[in-house]
Amino acid sequence: MNKAMCRVLAVELIKDHVFEVSLQLPAGKLPEFYAGQYLAIDMPEKESPSFFSIASRPGLRELILHIQADPHLSSAVEVVEYLQCCVENQQTLSLSLPYGKACLAKVLNQPLILMAAGTGFAQMKSILEQLFSQNYQAPISLYWGVRKEEDMYLRELAEQWQAEHSNFEFRPLIADIENIDANAHHNQLSDAVLADHQELEHSLVFVSGSPKLVFSAMDALLDAGLSEANFYSDVLEYATRD
(Lines give C-alpha, C1' and ligand atoms only; values in the text may rest on other atoms or scores of the structure.)
Protein backbone atom coordinates (compact mmCIF):
# COMPACT_ATOMS: atom_id res chain seq x y z
CA MET A 1 0.00 0.00 0.00
CA ASN A 2 1.28 3.43 -0.98
CA LYS A 3 0.40 6.81 0.52
CA ALA A 4 0.73 9.88 -1.69
CA MET A 5 0.05 13.60 -1.55
CA CYS A 6 -1.47 14.63 -4.87
CA ARG A 7 -2.30 17.87 -6.56
CA VAL A 8 -5.90 18.16 -7.75
CA LEU A 9 -5.59 19.47 -11.30
CA ALA A 10 -9.25 19.69 -12.25
CA VAL A 11 -12.79 18.70 -11.32
CA GLU A 12 -14.92 18.90 -14.45
CA LEU A 13 -18.53 17.97 -15.09
CA ILE A 14 -18.75 15.39 -17.89
CA LYS A 15 -22.52 14.92 -18.04
CA ASP A 16 -25.53 14.84 -15.70
CA HIS A 17 -23.80 14.96 -12.26
CA VAL A 18 -20.83 12.78 -13.28
CA PHE A 19 -17.50 14.53 -12.66
CA GLU A 20 -14.04 13.72 -14.01
CA VAL A 21 -11.31 14.35 -11.44
CA SER A 22 -7.67 14.73 -12.52
CA LEU A 23 -5.01 14.11 -9.87
CA GLN A 24 -1.28 14.60 -10.33
CA LEU A 25 1.07 12.27 -8.47
CA PRO A 26 4.34 13.63 -7.05
CA ALA A 27 7.36 13.60 -9.35
CA GLY A 28 9.68 10.64 -9.05
CA LYS A 29 8.84 6.94 -8.74
CA LEU A 30 5.13 6.44 -9.35
CA PRO A 31 3.11 4.22 -6.98
CA GLU A 32 2.34 0.96 -8.73
CA PHE A 33 -1.13 -0.41 -9.38
CA TYR A 34 -2.82 -2.77 -11.81
CA ALA A 35 -5.46 -1.69 -14.30
CA GLY A 36 -8.84 -2.17 -12.67
CA GLN A 37 -7.81 -1.31 -9.11
CA TYR A 38 -9.12 1.54 -6.96
CA LEU A 39 -7.84 4.11 -4.47
CA ALA A 40 -8.92 5.80 -1.24
CA ILE A 41 -9.20 9.55 -0.67
CA ASP A 42 -8.67 10.85 2.86
CA MET A 43 -10.69 13.90 3.81
CA PRO A 44 -10.10 16.10 6.87
CA GLU A 45 -12.52 15.52 9.73
CA LYS A 46 -13.88 12.38 8.08
CA GLU A 47 -13.15 9.08 9.85
CA SER A 48 -13.45 6.79 6.84
CA PRO A 49 -11.84 7.27 3.42
CA SER A 50 -13.83 7.45 0.19
CA PHE A 51 -13.07 4.79 -2.43
CA PHE A 52 -13.10 5.30 -6.20
CA SER A 53 -12.00 3.22 -9.19
CA ILE A 54 -9.00 4.54 -11.08
CA ALA A 55 -10.20 5.35 -14.59
CA SER A 56 -6.72 5.79 -16.11
CA ARG A 57 -4.18 3.11 -16.96
CA PRO A 58 -1.04 2.43 -14.88
CA GLY A 59 2.27 4.13 -15.59
CA LEU A 60 0.97 7.68 -15.88
CA ARG A 61 1.60 10.52 -13.47
CA GLU A 62 -1.99 11.71 -13.81
CA LEU A 63 -4.79 9.67 -12.21
CA ILE A 64 -8.38 10.01 -13.41
CA LEU A 65 -11.50 9.35 -11.33
CA HIS A 66 -15.19 9.40 -12.26
CA ILE A 67 -17.52 10.49 -9.45
CA GLN A 68 -21.29 10.48 -9.72
CA ALA A 69 -22.54 13.26 -7.44
CA ASP A 70 -26.31 13.24 -7.81
CA PRO A 71 -27.91 15.63 -5.29
CA HIS A 72 -29.29 12.73 -3.22
CA LEU A 73 -25.81 11.15 -2.93
CA SER A 74 -24.65 13.41 -0.12
CA SER A 75 -21.35 11.64 0.49
CA ALA A 76 -20.29 11.91 -3.17
CA VAL A 77 -21.39 15.56 -3.29
CA GLU A 78 -19.24 16.23 -0.23
CA VAL A 79 -16.20 14.64 -1.89
CA VAL A 80 -16.66 16.65 -5.10
CA GLU A 81 -17.02 19.89 -3.14
CA TYR A 82 -13.84 19.09 -1.19
CA LEU A 83 -11.93 18.36 -4.40
CA GLN A 84 -13.16 21.60 -5.95
CA CYS A 85 -11.88 23.46 -2.88
CA CYS A 86 -8.51 21.76 -3.33
CA VAL A 87 -8.34 23.12 -6.88
CA GLU A 88 -9.36 26.64 -5.87
CA ASN A 89 -6.99 26.81 -2.87
CA GLN A 90 -4.18 24.75 -4.44
CA GLN A 91 -4.34 22.27 -1.57
CA THR A 92 -2.79 18.81 -1.82
CA LEU A 93 -4.85 15.69 -1.39
CA SER A 94 -3.93 12.59 0.63
CA LEU A 95 -4.71 9.23 -0.93
CA SER A 96 -3.71 5.58 -0.67
CA LEU A 97 -3.53 2.87 -3.31
CA PRO A 98 -3.92 0.26 -4.64
CA TYR A 99 -6.98 -1.71 -3.56
CA GLY A 100 -8.86 -4.53 -5.29
CA LYS A 101 -8.25 -7.97 -6.76
CA ALA A 102 -10.46 -7.55 -9.85
CA CYS A 103 -7.64 -6.29 -12.02
CA LEU A 104 -5.08 -7.18 -14.70
CA ALA A 105 -2.52 -8.74 -12.37
CA LYS A 106 -1.20 -11.17 -15.01
CA VAL A 107 -0.65 -11.36 -18.75
CA LEU A 108 -3.83 -12.41 -20.53
CA ASN A 109 -4.45 -13.97 -23.93
CA GLN A 110 -8.10 -15.01 -23.83
CA PRO A 111 -11.50 -13.43 -24.62
CA LEU A 112 -12.58 -10.74 -22.15
CA ILE A 113 -16.12 -9.75 -21.24
CA LEU A 114 -16.44 -6.49 -19.30
CA MET A 115 -19.77 -5.67 -17.63
CA ALA A 116 -20.28 -2.23 -16.06
CA ALA A 117 -23.22 -0.43 -14.51
CA GLY A 118 -23.15 3.36 -14.28
CA THR A 119 -19.79 4.75 -13.18
CA GLY A 120 -18.50 1.17 -13.01
CA PHE A 121 -17.33 2.14 -16.49
CA ALA A 122 -14.32 3.83 -14.79
CA GLN A 123 -12.80 0.48 -13.82
CA MET A 124 -13.35 -0.90 -17.32
CA LYS A 125 -11.82 2.20 -18.89
CA SER A 126 -8.55 1.57 -17.02
CA ILE A 127 -8.54 -2.08 -18.09
CA LEU A 128 -9.32 -1.26 -21.73
CA GLU A 129 -6.75 1.51 -22.06
CA GLN A 130 -4.09 -0.78 -20.62
CA LEU A 131 -4.99 -3.57 -23.05
CA PHE A 132 -5.09 -1.20 -26.02
CA SER A 133 -1.64 0.14 -25.07
CA GLN A 134 -0.35 -3.45 -25.12
CA ASN A 135 -1.94 -4.18 -28.53
CA TYR A 136 -4.10 -6.95 -27.03
CA GLN A 137 -5.38 -9.23 -29.79
CA ALA A 138 -8.03 -11.44 -28.16
CA PRO A 139 -11.71 -10.45 -28.44
CA ILE A 140 -12.98 -7.88 -25.90
CA SER A 141 -16.65 -7.10 -25.29
CA LEU A 142 -17.87 -4.19 -23.15
CA TYR A 143 -21.45 -4.16 -21.87
CA TRP A 144 -22.35 -0.85 -20.24
CA GLY A 145 -25.74 -0.65 -18.56
CA VAL A 146 -27.39 2.56 -17.36
CA ARG A 147 -30.83 3.63 -16.19
CA LYS A 148 -31.18 6.50 -18.65
CA GLU A 149 -29.42 7.79 -21.78
CA GLU A 150 -27.59 10.67 -20.05
CA ASP A 151 -26.02 8.26 -17.52
CA MET A 152 -23.82 6.89 -20.33
CA TYR A 153 -21.49 9.81 -19.84
CA LEU A 154 -18.62 8.72 -22.12
CA ARG A 155 -20.51 6.80 -24.79
CA GLU A 156 -18.61 8.62 -27.55
CA LEU A 157 -15.30 7.32 -26.18
CA ALA A 158 -16.50 3.72 -26.16
CA GLU A 159 -17.80 4.12 -29.72
CA GLN A 160 -14.43 5.58 -30.74
CA TRP A 161 -12.64 2.53 -29.32
CA GLN A 162 -14.96 0.26 -31.31
CA ALA A 163 -14.09 2.15 -34.51
CA GLU A 164 -10.36 1.98 -33.81
CA HIS A 165 -9.96 -1.62 -32.55
CA SER A 166 -11.27 -4.50 -34.64
CA ASN A 167 -11.20 -6.92 -31.67
CA PHE A 168 -13.37 -4.65 -29.47
CA GLU A 169 -17.18 -4.63 -29.35
CA PHE A 170 -19.27 -2.14 -27.39
CA ARG A 171 -22.84 -2.91 -26.30
CA PRO A 172 -24.68 0.04 -24.70
CA LEU A 173 -27.71 -1.02 -22.65
CA ILE A 174 -30.27 1.52 -21.47
CA ALA A 175 -32.94 0.21 -19.10
CA ASP A 176 -36.61 0.85 -19.68
CA ILE A 177 -37.09 1.44 -15.94
CA GLU A 178 -40.70 2.53 -16.40
CA ASN A 179 -41.75 -0.84 -17.79
CA ILE A 180 -39.52 -3.48 -16.18
CA ASP A 181 -39.20 -4.67 -12.60
CA ALA A 182 -36.03 -4.40 -10.48
CA ASN A 183 -34.94 -7.99 -11.11
CA ALA A 184 -35.15 -7.54 -14.88
CA HIS A 185 -33.03 -4.40 -14.57
CA HIS A 186 -30.34 -6.26 -12.62
CA ASN A 187 -30.36 -9.11 -15.16
CA GLN A 188 -30.05 -6.80 -18.16
CA LEU A 189 -26.26 -7.10 -18.51
CA SER A 190 -26.07 -10.87 -18.09
CA ASP A 191 -29.01 -11.43 -20.43
CA ALA A 192 -27.20 -9.44 -23.13
CA VAL A 193 -23.95 -11.35 -22.59
CA LEU A 194 -25.71 -14.73 -22.81
CA ALA A 195 -27.50 -13.66 -25.99
CA ASP A 196 -24.15 -12.82 -27.63
CA HIS A 197 -21.85 -15.52 -26.23
CA GLN A 198 -22.74 -19.17 -26.56
CA GLU A 199 -19.34 -20.35 -25.28
CA LEU A 200 -17.97 -18.94 -22.00
CA GLU A 201 -15.57 -21.68 -20.93
CA HIS A 202 -12.43 -19.82 -22.05
CA SER A 203 -13.55 -16.26 -21.26
CA LEU A 204 -12.59 -13.94 -18.41
CA VAL A 205 -15.37 -11.75 -17.01
CA PHE A 206 -15.01 -8.52 -15.01
CA VAL A 207 -18.16 -7.02 -13.46
CA SER A 208 -18.64 -3.66 -11.76
CA GLY A 209 -21.98 -2.73 -10.20
CA SER A 210 -24.17 -3.22 -7.16
CA PRO A 211 -23.90 -6.44 -5.12
CA LYS A 212 -27.31 -7.58 -6.37
CA LEU A 213 -26.27 -7.04 -9.99
CA VAL A 214 -22.92 -8.77 -9.51
CA PHE A 215 -24.32 -11.86 -7.80
CA SER A 216 -27.16 -12.24 -10.29
CA ALA A 217 -24.64 -11.96 -13.14
CA MET A 218 -22.36 -14.47 -11.47
CA ASP A 219 -25.18 -17.02 -11.10
CA ALA A 220 -26.33 -16.61 -14.70
CA LEU A 221 -22.86 -16.88 -16.22
CA LEU A 222 -21.72 -19.81 -14.07
CA ASP A 223 -24.91 -21.67 -15.02
CA ALA A 224 -23.98 -21.02 -18.68
CA GLY A 225 -20.54 -22.62 -18.29
CA LEU A 226 -18.22 -19.87 -17.05
CA SER A 227 -15.61 -21.05 -14.56
CA GLU A 228 -15.94 -19.34 -11.15
CA ALA A 229 -12.17 -18.74 -11.21
CA ASN A 230 -12.70 -16.59 -14.33
CA PHE A 231 -15.27 -14.26 -12.71
CA TYR A 232 -13.86 -11.07 -11.17
CA SER A 233 -15.57 -8.31 -9.21
CA ASP A 234 -14.57 -6.07 -6.31
CA VAL A 235 -17.99 -6.80 -4.80
CA LEU A 236 -16.84 -10.34 -3.96
CA GLU A 237 -14.29 -8.89 -1.51
CA TYR A 238 -16.73 -6.95 0.67
CA ALA A 239 -20.29 -8.23 0.14
CA THR A 240 -22.15 -11.50 0.64
CA ARG A 241 -25.41 -12.72 -0.81
CA ASP A 242 -27.12 -11.86 2.46
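The values are calculated or read from the model by the stated rules, or taken from the named source; none is laboratory data. The shown structure was predicted, so the numbers you read here are calculated from the model rather than taken from an experiment. Counting neighbours? That spans all protein chains shown, and the Cβs are built from the backbone with ideal geometry, glycine included. Note: accessible area is taken over every heavy atom of the protein model, side chains too, but ligands, DNA and RNA are not part of it. Shrake-Rupley method; radii C 1.70, N 1.55, O 1.52, S 1.80 Å.
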Cα centroid separation, region 19-89 to region 142-160 (Å): 21
Helix 182-196 versus the longest principal axis of the chain: what is the Cα-based angle in degrees, 0 to 90, to the nearest 10? 60
Helix-derived mean residue ellipticity, 222 nm - over the chain, DSSP H n ≥ 4, -39500 (n - 2.57), to 500: -9000 deg cm²/dmol
Size of electric dipole in the chain: Cβ of Lys, Arg +1 and of Asp, Glu -1, about Cα centre, debye, nearest 20: 880
Using r as the Cβ-Cβ distance of Ala239 and Gln90, and R0 as 51 Å, what FRET efficiency do you calculate, to the nearest 0.05? 0.85
Taking R0 as 51 Å, what FRET efficiency do you get between Glu78 and Gln198 from their Cβ-Cβ distance, rounded to the nearest 0.05? 0.65
If Rh is defined by the Kirkwood formula over all Cα pairs and Rg also comes from Cα, what ratio Rg/Rh do you get for the chain? 0.96
Given a 1.4 Å probe, the accessible area of region 1-58 per residue, as a whole number of Å², is 53
Once you charge only the Cβ atoms, +1 for Lys and Arg and -1 for Asp and Glu, what is the size of the charge dipole of region 1-126 about its Cα centre, to the nearest 20 debye? 700
If one takes the longest principal axis of the Cα atoms in the chain, at what angle in degrees, from 0 to 90 and to the nearest 10, does the Cα axis of helix 211-223 lie? 30
Over 31 Å between alpha carbons, listed pairs Lys148/Lys212; Lys15/Lys106; Lys46/Lys101; Lys3/Lys125: Lys15/Lys106
Between Ala10 and Glu149, what length comes free when the chain is fully extended (0.36 nm per residue of separation minus the Cα-Cα distance, one decimal in nm)? 47.5 nm
Give me the percent of accessible area attributable to carbon and sulfur for the chain, probe 1.4 angstrom. 47
For Asp219 and Asp191 in one chain, what is 0.36 nm times their gap in residues minus the Cα-Cα distance, to one decimal in nm? 8.9 nm
Where only protein heavy atoms count, and the probe is 1.4 Å, what is the accessible area per residue for region 136-242 in Å²? 51
Mean Cβ-within-10 Å packing, highest first, puts peptides 212-223, 5-16 in the order 212-223, 5-16
Accessible surface ranking that places the most exposed of Arg57, Arg147 first, with a 1.4 angstrom probe: Arg147, Arg57
In degrees, nearest 10, the alpha-carbon axis of helix 121-133 is tilted away from the dominant principal axis of the alpha carbons of the chain by 80
Indicate, rounded to the nearest 5 percent, the antiparallel portion of the DSSP beta bridges found entirely in the chain. 60
If every Lys and Arg gets +1 and every Asp and Glu gets -1 at its Cβ, then about the Cα centre region 122-242 yields a dipole, in debye to the nearest 20, of 180
